[in-house]
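The block underneath contains the structure these notes are about, expressed in structure tokens.
The values are calculated or read from the model by the stated rules, or taken from the named source; none is laboratory data. Quick caveat: nothing in here was measured; it's all calculated off a predicted structure. Heads up, the Cβs are rebuilt from the backbone with ideal geometry, glycines too, and the neighbour counts pull from every protein chain shown. Just the protein is used for accessible areas: all its heavy atoms, side chains included, with ligands, DNA and RNA removed. Shrake-Rupley method; radii C 1.70, N 1.55, O 1.52, S 1.80 Å.
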Amino acid sequence: TLSPAARAAGAPTLAEFAAELAAKVDTLVTNQKAIANSAHDPERLAELYYRTSNGYSDSPDLRLTWLANLGRVHEELDNVAEAAQCKLLQAALIVMYLEARAARAAAS
């Protein structure tokens, strides 16, 4: 059960949280299966890596890992511009994380 403060802050109920988590896991498993079946189609593979990275939007470390994997796929295919975009997106996510962390520290 959530505390009254958590409920007032708009935190999801346990059932809502569990349903959201189950949906995320289902999406990630579906993407993993599709990745395994898409080794022959580089464009589809890149799309799935990007979609998977977005699925980890609430986990910066995992999102960065998937973006790094996507960058390696592009590098292997000699898609230099796309690989660079992955690096830039990783850098932007790190900056956003550090800014949010600094803002939280300043508010404390």
Pairs only if they're at least six apart or on different chains, beta carbon under 8 angstrom, first in the range 21-34 and within 14 Å of Arg63 (Cβ to Cβ), second open to solvent by 80 Å² or more (accessible area, probe 1.4 Å); list them, first residue then second. Asn31/Arg51
Condition first: polar (S, T, N, Q) and farther than 26 Å from Ala23 by Cβ. Can you find one or more residues in the range 63-81 that meet it? yes
When you go through (1) farther than 27 Å from Tyr97 by Cβ; (2) in contact (Cβ under 8 Å) with a residue 24 or more places away in the chain; (3) of a type in the set (A, V, I, L, M, F, W, C) one by one for Ala46, which number turns out not to apply? (1)
What is the one condition in (1) surrounded by 17 or more Cβ atoms within 10 Å (Cβ to Cβ); (2) among the hydrophobic types (A, V, I, L, M, F, W, C); (3) farther than 16 Å from Ile35 by Cα that Ala84 does not satisfy? (1)
I want to confirm something. Restricting to the range 11-57 and keeping residues that are aromatic (Phe, Trp, Tyr) and part of a helix (DSSP H, G or I), which single residue is surrounded by the most Cβ atoms within 10 Å (Cβ to Cβ)? Tyr49
